[in-house]
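Working notes, beginning with the structure itself.
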4 protein chains.
Amino acid sequence: MSTAKLLLHCPDRPGIISEVTNFITINKGNIVYLDQYVDHDENIFFMRVEWELKDFFIPADKIEEYFHTLYAQKYDMNFRLYFSDQKPRMAIFVSKMSHCLYDMLARYTAGEWDVEIPLIISNHPDLKPAAERFGIPYYVFPITKDTKVEQEALEMELLKEYKVDFIVLARYMQVISPEMIKSYPNKIINIHHSFLPAFVGAKPYHAAFERGVKIIGATSHYVTTELDAGPIIEQDVVRVTHRDTVHDLISKGRDLEKIVLSRAVSKHIDRKILTYKNKTVLFS
Amino acid sequence: MSTAKLLLHCPDRPGIISEVTNFITINKGNIVYLDQYVDHDENIFFMRVEWELKDFFIPADKIEEYFHTLYAQKYDMNFRLYFSDQKPRMAIFVSKMSHCLYDMLARYTAGEWDVEIPLIISNHPDLKPAAERFGIPYYVFPITKDTKVEQEALEMELLKEYKVDFIVLARYMQVISPEMIKSYPNKIINIHHSFLPAFVGAKPYHAAFERGVKIIGATSHYVTTELDAGPIIEQDVVRVTHRDTVHDLISKGRDLEKIVLSRAVSKHIDRKILTYKNKTVLFS
Amino acid sequence: MSTAKLLLHCPDRPGIISEVTNFITINKGNIVYLDQYVDHDENIFFMRVEWELKDFFIPADKIEEYFHTLYAQKYDMNFRLYFSDQKPRMAIFVSKMSHCLYDMLARYTAGEWDVEIPLIISNHPDLKPAAERFGIPYYVFPITKDTKVEQEALEMELLKEYKVDFIVLARYMQVISPEMIKSYPNKIINIHHSFLPAFVGAKPYHAAFERGVKIIGATSHYVTTELDAGPIIEQDVVRVTHRDTVHDLISKGRDLEKIVLSRAVSKHIDRKILTYKNKTVLFS
Amino acid sequence: MSTAKLLLHCPDRPGIISEVTNFITINKGNIVYLDQYVDHDENIFFMRVEWELKDFFIPADKIEEYFHTLYAQKYDMNFRLYFSDQKPRMAIFVSKMSHCLYDMLARYTAGEWDVEIPLIISNHPDLKPAAERFGIPYYVFPITKDTKVEQEALEMELLKEYKVDFIVLARYMQVISPEMIKSYPNKIINIHHSFLPAFVGAKPYHAAFERGVKIIGATSHYVTTELDAGPIIEQDVVRVTHRDTVHDLISKGRDLEKIVLSRAVSKHIDRKILTYKNKTVLFS
């Protein structure tokens, strides 16, 4: 059944939950999900509510206007509204490593995710066969220092053409330029192959090996203009020992990376992430 | 039954295991533990072997000399020899937080550890009652910038007097000076309340909260002259969410800290740690 | 500041959150915590709300009556009301192992927990010194098959005398009889040394060793009349390998047991557990 | 470079390591891996050693004979010899769920595993498209109670024809009959979707949900004639909460299952598993 998903945050004041749930209930919406959270340090109220649209009095395309007029202004709310029957459209960027790509394509093909993947973009031709296996268009944009600006411009045209809502960097070995990041605020998800903020930047497994850590990690985060410093969505770790070589770390890390990235993408697809300042609020 | 524990490392060459195990077996030592590991990057061979001394031909106090003469020279070995009937003597340094201290005293009192804890040293009087509960002498050395050198000198005299073999910093909120570190090389174990190398230095939980991490950690390591950069012995982590305040991180972290520190101390007491360059080899 | 904590569950219907939060807000209570959860399978609504009593119109000793009259009847609610200035009183039952006991006494002494521990009860005298270290009365009730009924009766008298609210079985090696369990419904917390429902009953580490598992666990749960089958509060696990002996499992398990038990006790003290059928709802 | 991998176990006696490493070294084999383990309860010695064959005096096809004659008889050894240039051949059995299958095919295609996958067998046609994507023959053997014996006989013929060395049951929803199990002793790897021995048999996620566990697991094991009771190779777990529905457990479990199964298969391919009685010894 078709549902509306409303995510919002605003300064915390008494009565917000009452008003919002009343708005839905009075108009004959059946609430199937409600979670809220108050950040008492910042005094910010966060809420995610989902209701069935079947008997809802307000037409779907008018809900945003009504909610804005009646509540968002009053409470100084920042809100987003989604509908379950509008699948988000996701582009995948890859370089040469296939593990994250295959993991996502397998989920997509198995129907695990409510998403469309209309295209894959890469700076290398290597993973074209993988894309073809799953029947997804694959575009190659080789990137050098000199061509970066124009190539990214072409990529962005393509993303517009394909009506892409958000981008997943699946071990894409290029830094995204600020222009592109600004066009997709909190809509570019990256997987960094370390337990951030440890080992920012290139070759984190080599750095972890050098440091002699006993645990390695992976971190998925939204991309911001500061390298590896955007809001963290999900992290996980795995134990290593002195017996593990750099190659072993890379191998163990691959499993982490794909699971951590897919968990983050899954939360994003389900509209369960709110971002505030440089942190994420993840609804269950 | 009394055993000898031999830990060694040397350039890797064929035949070392054979020679060492032959040495023990021929002299009627019954091997009860043997583990080895080769670091192929550095070409270093590491070994830990333990055998019963009951029928061993060579007197305990001569084994070191014999082993040095017969094998250590030949293979350019770095080795240490311990006996199970000689309990190591451990000093605990604390400031004001009691959780790591109580965890260790409880293990000590329950007979979990083969160790002596002859004294506790602190820069504050706060935990004297805890020490008294377990009947362990507690010495207070208040430390200011001006008194640090002389106070540490007094502490070191006391440590000598009590024949202390190694030191555990159980949330001791003072940087140890290089002089003291040099006197106890790889014999001072610290617990840092973060997943190193993330959040080096002061207030790591506050820094973790600011960064919005989804997992926090704790790290036990040997103290070297570079802050929080010594060989890592053990690490562990626990999940946190956006709902956790700094206070919650501190609270969850306490449990991590005490367990991670005690695991490291336990390995040290059992003579299961070899250090090479800035890393540890942990035998099982 | 003094707060009221209200936990409730009832059949899910629209408007409950609104009504309850209105009740608090209108009467000038400042809500500092609110979390709710709907079990859509069972159609049950669960809620925990906490508010400051400073300016609350209704006197603390009248809140229960008012809430019952105005809302609990209407919504067929099952509710409990607590006040932050009334510390729960907890009895600890032990046998011979000290690790869980020390862990709790250390937290208690350090002020980590908002609880009173007026007495410790045991079927053995062994841990009397531990109790004395922390100045807590220790009562011994030796139990044999023949004396069980009468000894438990005496224990229950003592618990009443000390006004005990709930009981923690800290590796207490006796099955509690149904009479006692019925007197403390969902108020007796046990730690079982396995990942339940694997290895119910005696000697779970031996059974885990025999089965060759690669992970061991510990489970804290409320005690019901069916052995090791009550509502699970908290579980955790640790990796083991083929190298670990039964003794190693027991040793690794001790750390798990004490942490898992203390996490459960902590949640219980904070009034963050609701029980429904044979499961727990744990609020954050 | 081509290597030989020797795995053995035998009653523990002094000198085995010496003799075996001498045998290799004297014949100009360069040892690149050695690990051993003694089960002191059973008094069994386990060893895995790997050496380069380049300058080895004994021809590869004679090593087994020589080793048998010279050492295996003397020490009553049970041993297996493998060569790195002989890739094991693995058949995958599936039913309708694709997650484990895709995970393995992605690793295979990316060159992560030193294995051949010549065919996939199923009791349903559903995953034929997945097999075709990766160009692997897919055979369907519908199985009913009445046809089971004859269909398995046909499967076994096919396995022989394809020279299959071992079988992976990737969420294959059929019990394998004893005849087939006996033909592939410790060569059929299954993934069970629970933390064994909890929740043996069908619908473990439903059972876990009913029991209200706070952690779910997955277990890969060798198949023996007793259901879900064979030697455990690998296990892992993930946290769940009261908010997770059965559907959520299934979804979280999928990620566990594929990772745990692939870890086990990886160890098997690398010849790092020894089985003794009903347990596995896993070399690093």
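The values are calculated or read from the model by the stated rules, or taken from the named source; none is laboratory data. Keep in mind that what you see is a predicted model, and the values were worked out from it rather than measured. Cβ: placed from backbone, ideal geometry, glycine included. Neighbour counts: every protein chain shown. These area figures cover heavy atoms from the full protein model, side chains too; ligands, DNA and RNA do not enter into them. Shrake-Rupley method; radii C 1.70, N 1.55, O 1.52, S 1.80 Å.
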Inset, instruction - Quick one: in the range B:35-58, of everything that is more than 17 Å from B:ASN78 (Cα to Cα) and in contact with a helix residue (DSSP H, G or I) (Cβ under 7 Å, 6 or more places away or on another chain), which residue is nearest to the other protein chains (Cβ to nearest Cβ)? - result: B:TRP51
Legend entry - When residues of the range C:259-268 are limited to those that are in contact with a strand residue (DSSP E or B) (Cβ under 8 Å, 6 or more places away or on another chain) and away from chain D (no Cβ under 14 Å), the one nearest to C:LEU105 (Cα to Cα): C:VAL265
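Let me confirm something: among A:VAL140, A:VAL115, which residue is touching a residue at least 40 places away in the same chain (Cβ under 8 Å) and either in contact with a Gly (Cβ under 8 Å, 6 or more places away or on another chain) or of a type outside the set (Phe, Trp, Tyr) (or both)?
It is A:VAL115.
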Legend entry - Qualifying residues in the range C:251-283 (those that are small (Gly, Ala, Ser) and either outside the structural domain of C:TYR222 (by TED's automatic domain parsing) or open to solvent by 10 Å² or more (accessible area, probe 1.4 Å) (or both)) - the one farthest from C:ASP114 (Cα to Cα): C:SER251
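Please indicate, with yes or no, whether at least one residue in the range A:227-248 is at negative phi, more than 12 Å from chain B (Cβ to nearest Cβ) and in a loop (DSSP other than H, G, I, E, B).
Here is the first cut: in the range A:227-248, the ones at negative phi are A:227, A:229-248.
In the following step, the residues that additionally are more than 12 Å from chain B (Cβ to nearest Cβ) were identified as A:227.
Remaining after also requiring in a loop (DSSP other than H, G, I, E, B): A:227.
Yes, that holds for at least one residue.
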Legend entry - Selected residue (criterion: nearest to A:ASP270 (Cα to Cα)) from residues of the range A:84-104 that are within 11 Å of chain D (Cβ to nearest Cβ) and over 16 Å from the mean Cα position of the chain (by Cα): A:TYR102
Legend entry - Index of the failed condition, B:VAL32 passing every other in (1) surrounded by fewer than 17 Cβ atoms within 10 Å (Cβ to Cβ); (2) part of a loop (DSSP other than H, G, I, E, B); (3) within 14 Å of chain D (Cβ to nearest Cβ): (2)
Legend entry - Of all residues in the range A:211-226 being more than 8 Å from chain B (Cβ to nearest Cβ) and not in a strand (DSSP E or B), the one that is surrounded by the fewest Cβ atoms within 10 Å (Cβ to Cβ): A:GLU226
Inset, instruction - Look through the range A:14-29, keep the residues that are assigned to a loop (DSSP other than H, G, I, E, B) and more than 8 Å from every other protein chain (Cβ to nearest Cβ), and return whichever of them is least open to solvent (accessible area, probe 1.4 Å). - result: A:GLY29
Legend entry - Leading residue by the ranking (most open to solvent (accessible area, probe 1.4 Å)) among those in the range A:154-193 that are out of contact with any strand residue (DSSP E or B) (no Cβ under 6 Å at 6 or more places or on another chain) and under 30 Å from A:SER251 (Cβ atoms): A:MET173
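Going by the structure shown, is C:ASP248 surrounded by fewer than 19 Cβ atoms within 10 Å (Cβ to Cβ) and more than 21 Å from C:ILE117 (Cα to Cα)? If you could, list the steps in order and put the result at the bottom.
Working: surrounded by fewer than 19 Cβ atoms within 10 Å (Cβ to Cβ): yes; more than 21 Å from C:ILE117 (Cα to Cα): yes.
So C:ASP248 fits the description; yes.
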Inset, instruction - Select from the range B:125-153 the residues that are closer than 24 Å to C:TYR102 by Cβ and of a type in the set (Gly, Ala, Ser) and write down the one among them that is most open to solvent (accessible area, probe 1.4 Å). - result: B:GLY135
Legend entry - Conditions (1) more than 14 Å from chain C (Cβ to nearest Cβ); (2) buried (at least 20 other Cβ atoms within 10 Å of the Cβ); number of the one not met by B:LYS74: (2)
Inset, instruction - Would you confirm whether any residue within the range D:52-73 is part of a strand (DSSP E or B) and in contact with a Leu (Cβ under 7 Å, 6 or more places away or on another chain)? - result: no
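Could you tell me which of the residues B:ALA198, B:ALA170, B:ALA208, B:ALA218 is in the same structural domain as B:PRO118 (by TED's automatic domain parsing) and either under 14 Å from the mean Cα position of the chain (by Cα) or charged (D, E, K, R) (or both)?
On the way: B:ALA198 fails: either under 14 Å from the mean Cα position of the chain (by Cα) or charged (D, E, K, R) (or both); B:ALA208 fails: either under 14 Å from the mean Cα position of the chain (by Cα) or charged (D, E, K, R) (or both); B:ALA218 fails: either under 14 Å from the mean Cα position of the chain (by Cα) or charged (D, E, K, R) (or both).
Step by step, each of B:ALA198, B:ALA170, B:ALA208, B:ALA218 is checked, and only B:ALA170 is in the same structural domain as B:PRO118 (by TED's automatic domain parsing) and either under 14 Å from the mean Cα position of the chain (by Cα) or charged (D, E, K, R) (or both).
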Inset, instruction - Please work out if A:ILE136 is within 18 Å of the chain's Cα centre (by Cα) and among the hydrophobic types (A, V, I, L, M, F, W, C). - result: no
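Condition check ((1) within 9 Å of another protein chain (Cβ to nearest Cβ); (2) among the hydrophobic types (A, V, I, L, M, F, W, C)) across all residues:
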| position | (1), (2) |
| --- | --- |
| C:MET1 | no, yes |
| C:ASP12 | no, no |
| C:GLU65 | no, no |
| C:ALA106 | yes, yes |
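Name every residue in the range D:42-51 that is part of a strand (DSSP E or B), farther than 19 Å from D:LYS28 by Cβ and touching a residue at least 40 places away in the same chain (Cβ under 8 Å), in order of residue number.
The first filter runs over the range D:42-51 and keeps only residues part of a strand (DSSP E or B), leaving D:44-51.
After this cut, where a residue has to be farther than 19 Å from D:LYS28 by Cβ as well, the list is D:44-48.
Result: D:ILE44, D:PHE46, D:MET47, D:ARG48.
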Inset, instruction - Mind counting the residues in the range B:269-284 that are modelled with pLDDT of 95 or more and out of contact with any strand residue (DSSP E or B) (no Cβ under 7 Å at 6 or more places or on another chain)? - result: 4
Legend entry - Residue among A:SER95, A:SER84 that alone is open to solvent by less than 10 Å² (accessible area, probe 1.4 Å), under 30 Å from A:LEU158 (Cβ atoms) and in contact (Cβ under 8 Å) with a residue 24 or more places away in the chain: A:SER95
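In the range B:13-32, how many residues are at pLDDT 90 or above and under 18 Å from B:PHE283 (Cα atoms)? Even if it seems obvious, please write down each step before you answer.
Within the range B:13-32, the first condition is being at pLDDT 90 or above, and the residues that meet it are B:20, B:23-24, B:26-29.
Then keep just the ones that are under 18 Å from B:PHE283 (Cα atoms); that gives B:20.
The number of residues fulfilling the criteria is 1.
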Inset, instruction - Output the residues belonging to the range B:166-204 that are within 14 Å of chain A (Cβ to nearest Cβ) and either within 18 Å of A:PHE199 (Cα to Cα) or of a type in the set (S, T, N, Q) (or both). - result: B:ASN186, B:HIS192, B:SER194, B:PHE195, B:LEU196, B:PRO197, B:ALA198, B:PHE199, B:VAL200, B:GLY201, B:PRO204
